[in-house]
Amino acid sequence: MVTKHNILAKNPSSLGKAYCDWIVQLFGRCAYAPTKDAFEMHMRTLEDEGGAVIREFLKNLPKEHWSAAYFPESFNAWIVDQRYLPIYQLLDGIRVKIMEMNAHR
């Protein structure tokens, strides 16, 4: 998992604490962007501000491992229709979804 410390380690301390904090803040905007479009917008800013060091760091880093916009669907979103049903109906709905996933695979 990518952390603030990984980003800070890639930037030379000679650039100053304010600059390093700004890069970490830009990285956080990318990580917590709610949509892929917002992620791409923040990523362009991060790459422009961070320069070659950040571009090289992010080059082989899978977005699915650190960006909310690229995470697979969450469990709560997955069961949004069944969430408020009585427990037996909720479990049956989850069972049906799992069976559909297995059949699709």
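I'm checking my understanding of the structure. Among residues of the stretch 38-68 that are among the small types (Gly, Ala, Ser) and either within 21 Å of ALA18 (Cα to Cα) or part of a helix (DSSP H, G or I) (or both), which one is modelled with the lowest pLDDT? Here the answer is ALA68. Selection over the stretch 9-37 of residues that are of a type in the set (Ser, Thr, Tyr) and outside any helix (DSSP H, G or I) gives a count of 2. Filtering the stretch 62-94 to residues that are surrounded by fewer than 12 Cβ atoms within 10 Å (Cβ to Cβ) and either on the phi > 0 side of the Ramachandran plot or in contact (Cβ under 8 Å) with a residue 24 or more places away in the chain (or both) leaves only HIS65.
The values are calculated or read from the model by the stated rules, or taken from the named source; none is laboratory data. Everything numeric here is computed off the predicted structure, so don't read it as measured data. Because the Cβ atoms are built from the backbone with ideal geometry, glycine has one as well, and the counts that use them run over all protein chains shown.
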